[in-house]
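Beneath this line is the structure, given in structure tokens, with notes to follow.
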Amino acid sequence: MLVTDTSPLLGLDLQGGVSVVLEPTEDASDEALSQTIEIIRSRVDALGVAEPEITQQGSAVVVQLPGVKNQQ
């Protein structure tokens, strides 16, 4: 890294950012959760956030946005 004058990519825990867990208010199918993830991903990509992580954990959707300061 010193030779190439680059810096490491820091994760959410070191770089800071926003992490949000979204849970459905009613029972949701895996298909509905997959569609939700795709919609969230397209909206986050439109904001230009670098390397967002949007995953499904059980019936919840976890959105992690490294480097984002404003949660709104």
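Data overview
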| item | result |
| --- | --- |
| Count - residues of segment 20-38 that are in contact (Cβ under 8 Å) with a residue 12 or more places away in the chain and either of a type in the set (Phe, Trp, Tyr) or within 11 Å of residue 54 (Cα to Cα) (or both) | 6 |
| Residue, nearest to residue 19 (Cα to Cα), within segment 29-72, restricted to residues that are touching a Ser or Thr at 6+ places or on another chain (Cβ under 8 Å) and assigned to a helix (DSSP H, G or I) | 37 |
| Residue satisfying all of: in segment 28-38; of a type outside the set (Ser, Thr, Tyr) and over 12 Å from the mean Cα position of the chain (by Cα); most open to solvent (accessible area, probe 1.4 Å) among these | 31 |
| Filtered residues of segment 39-56 (kept if open to solvent by 50 Å² or more (accessible area, probe 1.4 Å) and closer than 24 Å to residue 70 by Cβ) | 39, 41, 42, 43, 45, 46, 47, 48, 50, 51, 53 |
| Which numbered condition residue 6 fails, given (1) part of a strand (DSSP E or B); (2) at pLDDT below 90; (3) not acidic (Asp, Glu) | (1) |
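The values are calculated or read from the model by the stated rules, or taken from the named source; none is laboratory data. The model shown is predicted, which means the values in this text are computed figures rather than measured ones. Every residue, glycine as well, gets a Cβ built from its backbone with ideal geometry; the counts of neighbours run over all protein chains shown. Note: accessible area is taken over every heavy atom of the protein model, side chains too, but ligands, DNA and RNA are not part of it. Shrake-Rupley method; radii C 1.70, N 1.55, O 1.52, S 1.80 Å.
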